[in-house]
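Trainee: My questions will all concern the structure given below.
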Amino acid sequence: MKLYTSRRAPNPRRVQWVLAEKGVNALEIVDLDLFKNEHRDPAFVERAGLANVPALELDDGVVITESIAICRYLESIFPDPNLFGTTAEETAVIEMWTRRAEFLLALPLMMTVRHSHPALAALETQSPEIAEINRAAAARAIGVFDRRLHASAFIGADRVTMADVVAFTALDFARMAKFQADERFEAFNKWAATMRARPAAAAGV
């Protein structure tokens, strides 16, 4: 299998984090430089269907895009450690928190960076207003996760799951916009420190 990725970008980093958690290093890694528009190369777009990373090319030529879809595929062939749930209830709860992490935290944080970091002006028609609206939305959303983390060491279950990977890779990416969780969210900040200390945190950066 071949993984098309881009270093430091949050969505590709999710996949590399999952691979690291599972101890999988058999994939061929192709690192595309977004600033050189390598993801827009016609041969890559024809293969992947769109100019986005990550993309996972299987041995039979099928290409899977979208980071969560790729991670679900990897979970199916490398099931340990489990990141998506082992029972119907646990799977549903992890899915719920993964979607919350995606929509309430990851998306606004990515928009904050895209519309505020000077280096990304080469890729984005930036709007300071969009950046500030999304920064405020993410700051509010952290309260939701802080309440959850007062009751659980991790977001989706009693162990690291896909929900944690989605939330933390977005939070870490947002350091490019000098975003930090308010100190009053003690449970959230403790969780973030725990995630940052995991060996898998070094994957994709």
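The values are calculated or read from the model by the stated rules, or taken from the named source; none is laboratory data. Since this is a predicted model, take the numbers as computed values, not measurements. Glycine gets a Cβ as well: all are built from the backbone with ideal geometry, and neighbour counts include every protein chain shown.
Trainee: Test T91 against the stated conditions and say whether it is of a type in the set (S, T, N, Q), in a helix (DSSP H, G or I) and in contact (Cβ under 8 Å) with a residue 12 or more places away in the chain.
Mentor: no
Trainee: Here is a follow-up. May I ask you to verify whether R140 is free of Cβ contacts under 8 Å to residues at least 12 places away in the same chain and not in a loop (DSSP other than H, G, I, E, B)?
Mentor: yes
Trainee: Is there any pair linking a residue in the range 4-18 that is under 11 Å from A200 (Cβ atoms) to one that is surrounded by 22 or more Cβ atoms within 10 Å (Cβ to Cβ) and not aliphatic (A, V, I, L, M), with Cβ under 6 Å and at least six apart or on different chains, and which?
Mentor: Close Cβ pairs (under 6 Å, with a partner that is surrounded by 22 or more Cβ atoms within 10 Å (Cβ to Cβ) and not aliphatic (A, V, I, L, M)) amount to R13/T169; R13/G204; R14/S67; R14/T169; Q16/G204; V18/C71.
Trainee: Go through (1) within 25 Å of R147 (Cα to Cα); (2) under 13 Å from the mean Cα position of the chain (by Cα) and name the single condition L83 misses.
Mentor: The failed condition is (2).
Trainee: Looking for whichever is surrounded by fewer than 16 Cβ atoms within 10 Å (Cβ to Cβ), closer than 17 Å to F173 by Cα and at pLDDT 95 or above here; the options are E66, E132. Which one fits?
Mentor: Just one listed residue meets the conditions, E132.
Trainee: Which condition from (1) assigned to a helix (DSSP H, G or I); (2) touching a residue at least 24 places away in the same chain (Cβ under 8 Å); (3) not hydroxyl-bearing (S, T, Y) is the one that E46 breaks?
Mentor: For E46, the exception is condition (2).
Trainee: Does the range 7-23 contain any residue that is of a type in the set (A, V, I, L, M, F, W, C), at pLDDT 95 or above, assigned to a loop (DSSP other than H, G, I, E, B) and outside the structural domain of E129 (by TED's automatic domain parsing)?
Mentor: Within the range 7-23, the first condition is being of a type in the set (A, V, I, L, M, F, W, C), and the residues that meet it are 9, 15, 17-20.
Within this subset, residues satisfying the condition of being at pLDDT 95 or above are 15, 17-20.
Adding the requirement that they be assigned to a loop (DSSP other than H, G, I, E, B) leaves none.
No: zero hits.
Trainee: For the range 49-65, how many residues are in contact with a strand residue (DSSP E or B) (Cβ under 8 Å, 6 or more places away or on another chain), among the aliphatic types (A, V, I, L, M) and over 13 Å from V30 (Cα atoms)?
Mentor: 4
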